[in-house]
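The values are calculated or read from the model by the stated rules, or taken from the named source; none is laboratory data. From a predicted model like this one, the values you see are computed outputs, not experimental measurements. Counting neighbours? That spans all protein chains shown, and the Cβs are built from the backbone with ideal geometry, glycine included. Just the protein is used for accessible areas: all its heavy atoms, side chains included, with ligands, DNA and RNA removed. Shrake-Rupley method; radii C 1.70, N 1.55, O 1.52, S 1.80 Å.
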Amino acid sequence: MISKKTFICPYCFEQHQLSEAQFRCSNNRCLDVDDIEMTKYENGNLNLPKKGKRTFTAPLTKPSRVPRSADCSDCGKTTYKVVCPSCHNVLPESTLLGRDMIISVVGSRDTGKSHFVGVIIKELIDRISVKFGGAMMGFDDSMERYEQGFGRKLYHDLQKLDLTKSSEQDVNNGAYRPLIFTLNLKRKKLFGESIESFTFVFFDTAGEDLNDEDTMNTVNKYICKSAGIIFLLDPMQIPEVTSQLEDSVVSRASSVDWRQATRSDDIMARVSKLIRNDKGMKSTAKIDIPVAAVFSKFDAIASLVPAGCTVLETSPHCSKKNFDLSDWHNVHSEIEGLLRGWGANSFMAQLDVNYKNYSYFAVSALGLNNNPSQDRKIERPRPHRIEDPLLWILKENKVIKALRQ
């Protein structure tokens, strides 16, 4: 267990002192009151505020620990619901006791963000967390919403996902209400074991929401609180790549013409400006959030990668239960070389001048030889190296250990 004095709400991303955490009465007989904070969070009409049980603060029994329960001053009943004072959403215990791991997945329209989020969550629950001696579970209704938005279509209907709607079209597009999971990892101690908990927050943000700085300031402020950023690059939006592929491969892998897509280097510049403004940084100061620059849809371009490259091999990190630095270095160098050869110098320059720590990766969420058919049908996802960028971010945050050879 770590000692902390503050927490970041995984819903509204406001940072608070532990002493500011509130409780919500859970007694059905207690009177409902106007919940202004929840109404504001849900972009509701303050003239028609949402109703809810009253919230209140309780004195801390210890400086670094919110009490497990408190008694409502109105009805006297004990409640265990801890809520954020800014938005009144119920907080997971790992937010109060563990570490915050907000993972921002960004990129222009149709770079594969939905498929990445949909598959990495499934892999984290079923395989990755287990391999590293832990377990991951959804908080509140996150698992249900994951199944509705991702799991059912990908793993049961075997269908390619639709493009995510902009927040202007759908306020519940994922940036508004994130998917929240708790990861518990076993830690060896001198005598026995302990459990360390992490709050993982995932989003599926529409590419259009990254095209306008005003919109970014409203719906994407989670980026500024990130433990790491996964920036997806669509190889189908690189002319030097598509010119070497058959038209049928390109059309099945991407529904957006590269000439109409927002340039990745433009989005990188906007994201960097957003973070600097939030942190009060000079325009020349490098940002210390680790950034994984990821070639998505690797299945569509695997034929263009020279034989013998490490990136064509299966990821070794989970089987070794450590982050393999030798494998990572090879993949980073290979993808960096491909990007240079394909003329992505502007994006690479944006990455280099804006961030202290970054690395290159290539993944396929659906798996090699699983490019969607013309009728959008896919086989069950069998991802290729999808864990690599996330595990690198966890390694940079000292959540998992690195293996040196």
Completion exercise
Given (1) open to solvent by 50 Å² or more (accessible area, probe 1.4 Å); (2) farther than 18 Å from Ser319 by Cα, Arg127 misses just (2)
Exercise for the section: Being in a loop (DSSP other than H, G, I, E, B) and at pLDDT below 95 is the filter; apply it to segment 289-307 and report the residue that is most open to solvent (accessible area, probe 1.4 Å). Expected result: Ala307
Handout entry: Answer residue from segment 52-78, given it is more than 20 Å from Thr95 (Cα to Cα) and surrounded by fewer than 12 Cβ atoms within 10 Å (Cβ to Cβ) and is modelled with the highest pLDDT among those
Key = Gly76
Exercise for the section: Take Ser94 and decide whether it is crowded, with 16+ Cβ neighbours inside 10 Å and in contact with a helix residue (DSSP H, G or I) (Cβ under 6 Å, 6 or more places away or on another chain). Expected result: no
Exercise for the section: For segment 280-287, indicate whether the set of residues that are open to solvent by 20 Å² or more (accessible area, probe 1.4 Å), at pLDDT 85 or above and touching a Leu at 6+ places or on another chain (Cβ under 8 Å) is non-empty. Expected result: no
Fill in the blank from the handout: Pairing a residue in segment 264-281 that is closer than 11 Å to Gln350 by Cα and touching a residue at least 12 places away in the same chain (Cβ under 8 Å) with any residue that is part of a helix (DSSP H, G or I) and open to solvent by 40 Å² or more (accessible area, probe 1.4 Å), where Cβ atoms lie under 8 Å and the two sit 6 or more apart in sequence or on different chains, gives Asp265/Ser346; Asp265/Ala349; Asp265/Gln350; Met268/Gln350; Ala269/Gln350; Arg270/Glu213; Ser272/Gln350
Handout entry: Neighbours by Cβ (under 7 Å, 6+ apart or cross-chain): first from segment 116-132, within 12 Å of Leu390 (Cα to Cα); second of a type in the set (D, E, K, R)
Key = Val117/Asp204; Glu123/Glu387; Ile128/Glu387
Handout entry: Selection from segment 345-357 of residues that are more than 22 Å from Met236 (Cβ to Cβ) and open to solvent by 30 Å² or more (accessible area, probe 1.4 Å)
Key = Asp352, Val353, Lys356, Asn357
Practice task
Looking for whichever is open to solvent by 50 Å² or more (accessible area, probe 1.4 Å) and either in contact with a helix residue (DSSP H, G or I) (Cβ under 7 Å, 6 or more places away or on another chain) or at positive phi (or both) here; the options are Trp328, Trp342, Trp392. Which one fits?
Solution key: Trp328
Exercise for the section: Report yes if some residue within segment 23-43 is free of Cβ contacts under 8 Å to residues at least 12 places away in the same chain and outside any loop (DSSP other than H, G, I, E, B); otherwise report no. Expected result: yes
